[in-house]
Amino acid sequence: MSWWRDAAIYQVYLRSFTDGDGDGLGDLRGLESRLPYLRDLGVDALWLSPWYRSPMADGGYDVTDYRAIDPAFGTLQDAERLIGAAHQHGLKVIVDIVPNHTSDQHVWFQEALRAGPGSPERERYHFRDEPNNWLSRFGGPAWSQVADGQWYLHLFDASQPDLNWEHPEVRAEFVSILRFWLDRGVDGFRIDVAARLVKEAGLPDKPGQVGPVTSFEDTGPGPDKDRPEVHDIYRDWRRMLDGYGGDRVFIGEIWLDDPERFARYLRPDELHTAFNFAFLKCPWEAGELRAVIDRTLATHARVGAPPSWVLSNHDVTRHVTRYGREDTRFVKRIRDVEAPTDLDLGRRRARAAVLLDMALPGGVYVYQGEELGLPEVFDLPDEARQDPVFARTGGADPGRDGCRVPLPWSGDAPPFGFGANGSWLPQPPEWHELTADRQAVDPASMLSLYRMALRIRREEPALGDGGMRWLESEAGVLAFEREPGFACVVNLSDHPVALPAGAPMLASAALVETAAGEGKLPPDAAVWLRTSG
Ligand code: NOJ
């Protein structure tokens, strides 16, 4: 069976992982030094956020050279060494590819600026004499004007001009870039903004466009997403990848709520898997979770692709914080900032949630720091914030820096072993309680729970790829079994619940002893059971 069908993939947001050279920014040497930690955690693969040469206007999702490593992260040799070292630790390496847009500092865009209106150089992007009414995903208009009066399209920051995917040179260039990294041994690609590469011909206005659009709500089909032609790109890429040998993978970043349209990207000749954002966005509520799980399984079964389960990433409010609120959905941060939060409750639920997602059929993602139970950081000083969303919304949306704060590894004071000389975003002093070193020796810590869960998940034949069956349960409880001999129960009700027959293997919280001596599962907790089978 292919490894990616049920892999546990750890997302490394490189800038915030570990600083190996003391400049306050995470880098490849820092990551290499932590490979034993990742091996011991028990994940199968690493997905690295973009490591390419970049002015870092959007944390590296603004690339100037797709074949070079940004000097702040290291060198191409460091990258090659990292891939080799990860493989020696039994870890696959997935890199992020950013095909929707380049940096405005990319040589193509600079040539386009110099060559002027009507030039072939401008054809690689979307230049127009008049903008349409589209808005940037980061706030404000999706068009900026250049000195000669023309406008260019950028679905994200003004420093991220959208490429024209109708252009044969654009298509050829990305196949060549993919090959460049495949030749260096990467095991796959996470495709940024995968559903938006192709725009509707003529770039028509969007009917009923309302702004701002910094939310992750999917408003349905539009001229700037999910165009049918985008599938041809992935069919081309898949043909190339399949010719490569090895068992390599394409993972789509696809924010489409319509399961039917989402599944089209996962047809056998396109991408292998995609992030399950429906699960990430789902509130902590039994009925809604069950519905999302059922829909996910049905959607993926139709195309034979493995489902994936995601709780957090570098774009969304950390789930310990989301789950500590009355409204546990992730919609957008503007609202998130104001909501009162009970972090103890959030952590209890996060512990239960990870036992749920690691027990479901398919693959799982772990976003760096979630294994430490890190919360979102809201009180970053404005001058420290780097996410362009903050500036583009005039500060109305604080942006995503709060889920990107550098990790606390050890010690009692910042930078908590992140590096020798501070960190690019300040860490909360109270994170001394959450360092990896401290949690590693505490069997009750979030880190210990992740380690145990990942170990069991790897060893249990019932877990990973395969099927599941719901067990009868009372309202507010999710219970399912998997063959052979495994059951998972999650209690989202407000009272302790009795468990089906079986021996507890791992629980997110201590079971409550009843007078009759049997264990009940407390609210906001989950348990894995060995059943007879
Ligand atoms: C999605 C990435 O996850 C996000 O961080 C980035 O800002 C946008 N794509 C634009 O590349």
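Look at (1) touching a helix residue (DSSP H, G or I) at 6+ places or on another chain (Cβ under 6 Å); (2) surrounded by fewer than 22 Cβ atoms within 10 Å (Cβ to Cβ); (3) of a type in the set (Gly, Ala, Ser) and you find that Ala172 fails only one, number (1). Among the residues of segment 420-430, those identified as on the phi < 0 side of the Ramachandran plot and assigned to a loop (DSSP other than H, G, I, E, B) are Ala420, Asn421, Ser423, Trp424, Leu425, Pro426, Gln427, Pro428.
I'd like the residue in segment 431-450 that is open to solvent by 40 Å² or more (accessible area, probe 1.4 Å) and assigned to a helix (DSSP H, G or I) and, out of all such residues, is farthest from Leu380 (Cα to Cα). So, considering only residues that are open to solvent by 40 Å² or more (accessible area, probe 1.4 Å) and assigned to a helix (DSSP H, G or I), the one farthest from Leu380 (Cα to Cα) is Ala440.
Please give the strands (runs of 3 or more DSSP E) falling wholly within segment 73-173 in which 3 or more residues are in contact (Cβ under 8 Å) with a residue 60 or more places away in the chain.
Answer list for segment 73-173: 92-97.
Among the residues making up segment 177-197, a single one is in contact with a Lys or Arg (Cβ under 7 Å, 6 or more places away or on another chain), of a type in the set (D, E, K, R) and either more than 16 Å from the ligand (Cβ to nearest atom) or open to solvent by less than 10 Å² (accessible area, probe 1.4 Å) (or both): Asp187. Only one entry in Pro406, Pro415 is over 21 Å from the mean Cα position of the chain (by Cα), within 19 Å of Val12 (Cα to Cα), more than 16 Å from the ligand (Cβ to nearest atom) and of a type outside the set (Phe, Trp, Tyr), namely Pro415.
Counting only helices (runs of 4 or more DSSP H) wholly contained in segment 302-370, the ones carrying 1 or more residues that are open to solvent by less than 10 Å² (accessible area, probe 1.4 Å), in contact (Cβ under 8 Å) with a residue 12 or more places away in the chain and more than 27 Å from Leu14 (Cβ to Cβ) occupy 343-359. Quick one: in segment 90-119, which of the residues that are polar (S, T, N, Q) and over 19 Å from Ala147 (Cα atoms) is nearest to the ligand (Cβ to nearest atom)? This residue is Asn100.
As a summary of the residue check, Asp70 satisfies the conditions (1) crowded, with 22+ Cβ neighbours inside 10 Å; (2) more than 16 Å from the ligand (Cβ to nearest atom); (3) within 23 Å of Arg190 (Cβ to Cβ) except for the one numbered (2).
Just one residue in the set Ser423, Ser473 is among the hydroxyl-bearing types (Ser, Thr, Tyr) and either open to solvent by less than 10 Å² (accessible area, probe 1.4 Å) or out of contact with any Leu (no Cβ under 9 Å at 6 or more places or on another chain) (or both); that residue is Ser473. Of all residues in segment 384-416, those satisfying the criterion of being part of a loop (DSSP other than H, G, I, E, B) and open to solvent by 40 Å² or more (accessible area, probe 1.4 Å) are Gln386, Gly394, Ala396, Gly411, Asp412, Ala413, Pro414. The residue that is most open to solvent (accessible area, probe 1.4 Å), counting only those in segment 477-533 that are of a type in the set (Ser, Thr, Tyr) and under 23 Å from Leu454 (Cα atoms), is Ser532. Is it the case, given these coordinates, that Thr75 is of a type in the set (Ser, Thr, Tyr) and open to solvent by less than 20 Å² (accessible area, probe 1.4 Å)? In short, no. Of all the criteria given as (1) under 21 Å from the mean Cα position of the chain (by Cα); (2) surrounded by fewer than 24 Cβ atoms within 10 Å (Cβ to Cβ); (3) closer than 23 Å to Trp237 by Cβ, the one not satisfied by Thr64 is (1).
The values are calculated or read from the model by the stated rules, or taken from the named source; none is laboratory data. The model shown is predicted, which means the values in this text are computed figures rather than measured ones. Positions of Cβ are generated from backbone atoms using ideal geometry, with glycine treated the same way; all protein chains shown enter the neighbour counts. Ligands, DNA and RNA are stripped out before the accessible areas are found, and what is left, the full protein with its side chains, is counted by its heavy atoms. Shrake-Rupley method; radii C 1.70, N 1.55, O 1.52, S 1.80 Å.
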